[in-house]
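This report concerns only the one structure given below.
The values are calculated or read from the model by the stated rules, or taken from the named source; none is laboratory data. Quick caveat: nothing in here was measured; it's all calculated off a predicted structure. Reconstructed Cβ throughout: ideal geometry from the backbone, glycine too, with neighbour counts over all protein chains shown.
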Ligand SMILES: Cc1cc2nc3c(=O)[nH]c(=O)nc-3n(C[C@H](O)[C@H](O)[C@H](O)COP(=O)(O)O)c2cc1C
């Protein structure tokens, strides 16, 4: 079976990516990166950022909370020092970009347009500093404005990484689609708070983002809902630890998947996810991913019932 998946003008050799912030730039483990569909870089901002004070990670039984705070070298240094190295990877390089104003997203897209990277993943889970700090991705009209601006500034494939924090991603996914996005990634981390034994926030950044297995049922629920509402491809993300998890996301309607927290535990996790998918497809003699993608809804039963079950 041809395992390749195309989103926008980018063809990925297989549907498995590593998620932003969990595999740096793919340069530490090239033997893994080279066998995946691609690497999504950690978030790149206009200016360099030192990130949040430690501790930045807190484990809990269902996963982790992180408050890395978008530590990164800034777009200029990324282009001059890192892109020449990531360009040598055999898989696709997707740059996760994060702005603190709508205009910054446009500037990032314009700066990266001439670089040897394959696609942009637009991270709208950042606080809109000028407008009181709500996340850009919580307002469909802001997602639409950012997507339209990025679309204007680049010819590269653009995938909008949506948040599901206090917002229905169906509305923001529709906004991204209307403004010309090639795809959407669902979901980013969910808000969380961890406390120490004295009741003080454990993380240096106070609150954090929940990731790992605890996220999977909700992420799958989001993918299933959004898949029924938009035509552009969905990249599923949230708690994918093995091939079966990835299969679930494809069944729910994702065309590609991202492996995040699992790589922090085992750098080969994404490869194992890919092996699991490959073995499933061989065992079942699949002729194409379309046989799996969205099959949950094809099984029926979802349309007439409420999506919110108690
Ligand atoms: C340590 C850490 C850093 C992250 N950094 C970013 C980031 O820079 N940009 C982004 O869009 N998502 C970031 N994420 C979110 C992941 O890309 C992913 O959406 C989330 O962790 C859910 O997937 P998972 O459960 O497989 O980890 C980060 C996650 C973790 C755990």
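In the set 36, 27, only one residue is modelled with pLDDT of 95 or more, touching a helix residue (DSSP H, G or I) at 6+ places or on another chain (Cβ under 6 Å) and surrounded by fewer than 23 Cβ atoms within 10 Å (Cβ to Cβ); that residue is 27. Among the residues of the stretch 228-252, those that are in contact (Cβ under 8 Å) with a residue 40 or more places away in the chain and crowded, with 24+ Cβ neighbours inside 10 Å comprise 234, 235, 236, 237, 238, 239, 246, 250, 252.
Within the stretch 11-24, the set of residues being touching a strand residue (DSSP E or B) at 6+ places or on another chain (Cβ under 7 Å), farther than 19 Å from residue 162 by Cβ and not in a loop (DSSP other than H, G, I, E, B) comprises 12, 16. Being part of a loop (DSSP other than H, G, I, E, B), surrounded by fewer than 22 Cβ atoms within 10 Å (Cβ to Cβ) and out of contact with any helix residue (DSSP H, G or I) (no Cβ under 7 Å at 6 or more places or on another chain) is a description that does not apply to residue 188.
Listed here are the residues, each with its yes/no results for (1) outside any helix (DSSP H, G or I); (2) closer than 21 Å to residue 63 by Cβ; (3) more than 9 Å from the ligand (Cβ to nearest atom).
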{"site": "173", "(1), (2), (3)": "no, no, yes"}
{"site": "235", "(1), (2), (3)": "yes, yes, yes"}
{"site": "241", "(1), (2), (3)": "yes, yes, no"}
{"site": "244", "(1), (2), (3)": "no, yes, yes"}
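A residue that is within 16 Å of the ligand (Cβ to nearest atom), over 29 Å from residue 14 (Cβ atoms) and surrounded by fewer than 19 Cβ atoms within 10 Å (Cβ to Cβ) can be found somewhere in the stretch 117-134.
Each row is one residue, and each column tells you yes or no for (1) assigned to a helix (DSSP H, G or I); (2) within 16 Å of the ligand (Cβ to nearest atom); (3) under 16 Å from residue 45 (Cβ atoms).
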site: 93; (1), (2), (3): no, yes, no
site: 96; (1), (2), (3): no, yes, yes
site: 100; (1), (2), (3): no, yes, yes
site: 103; (1), (2), (3): yes, no, yes
site: 115; (1), (2), (3): no, no, yes
site: 142; (1), (2), (3): yes, no, no
site: 147; (1), (2), (3): yes, yes, no
site: 151; (1), (2), (3): yes, no, no
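Per the listing 208, 212, the residue uniquely in contact with a helix residue (DSSP H, G or I) (Cβ under 6 Å, 6 or more places away or on another chain) and in contact (Cβ under 8 Å) with a residue 60 or more places away in the chain is 212. For the stretch 212-232, the condition holds for no residue, the condition being that it is part of a strand (DSSP E or B) and either more than 10 Å from the ligand (Cβ to nearest atom) or out of contact with any strand residue (DSSP E or B) (no Cβ under 7 Å at 6 or more places or on another chain) (or both).
Of everything in the stretch 70-84 that's surrounded by fewer than 17 Cβ atoms within 10 Å (Cβ to Cβ) and part of a loop (DSSP other than H, G, I, E, B), which residue is farthest from the ligand (Cβ to nearest atom)? Applying the filter and picking the extreme gives 74.
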